[in-house]
Amino acid sequence: MKQLQGFVEKRIKEIKETEVVKQPTEERKTAPIYSGVLKYFPDAIKEVARCSYKGNIQHNPNKKLHWDRSKSGDELDALTRHLLQAGTIDTDGVRHSVKVAWRALANLQKELEQIET
């Protein structure tokens, strides 16, 4: 029980240290992550998370889940390849539309990071 409590306290501290939490209250309310994204698209988000997991197994076997950006640099080309096959399932069992979403998020993340630097 103490281990769980320690984990929860550590996680709360990490969350409080994130940029989202550091924003003023009014600014935070304009980015409703739970009610404006997770509640809208719970099944889609779950499938994108599964795609991340399967991709990690494929590209980084036996390593902790992480985004190896050195193996992920052509987001828009890959997104387009998967978009051409939208509505079908890839050989690894993941829907091409899920991979489109993953690549779109990856591209957006990189764009936003470029703005910050």
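The values are calculated or read from the model by the stated rules, or taken from the named source; none is laboratory data. The structure presented is a predicted model; accordingly, all values stated were derived computationally and were not measured. Quick reminder, even Gly has a Cβ in these numbers, built from the backbone with ideal geometry, and neighbours come from all protein chains shown. Ligands, DNA and RNA are stripped out before the accessible areas are found, and what is left, the full protein with its side chains, is counted by its heavy atoms. Shrake-Rupley method; radii C 1.70, N 1.55, O 1.52, S 1.80 Å.
Key figures
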item: Hits in segment 65-91 (condition: more than 22 Å from VAL37 (Cβ to Cβ), assigned to a loop (DSSP other than H, G, I, E, B) and modelled with pLDDT of 95 or more); result: LEU84, GLN85, GLY87, THR88, ASP90, THR91
item: Failed condition for PHE7, given (1) surrounded by 12 or more Cβ atoms within 10 Å (Cβ to Cβ); (2) at pLDDT below 90; (3) among the aromatic types (Phe, Trp, Tyr); result: (1)
item: Any pair with Cβ under 6 angstrom, 6 or more apart, that starts in segment 76-100 at a residue that is more than 17 Å from GLY55 (Cα to Cα) and ends at one that is modelled with pLDDT of 95 or more and open to solvent by 50 Å² or more (accessible area, probe 1.4 Å); result: ALA86/SER97
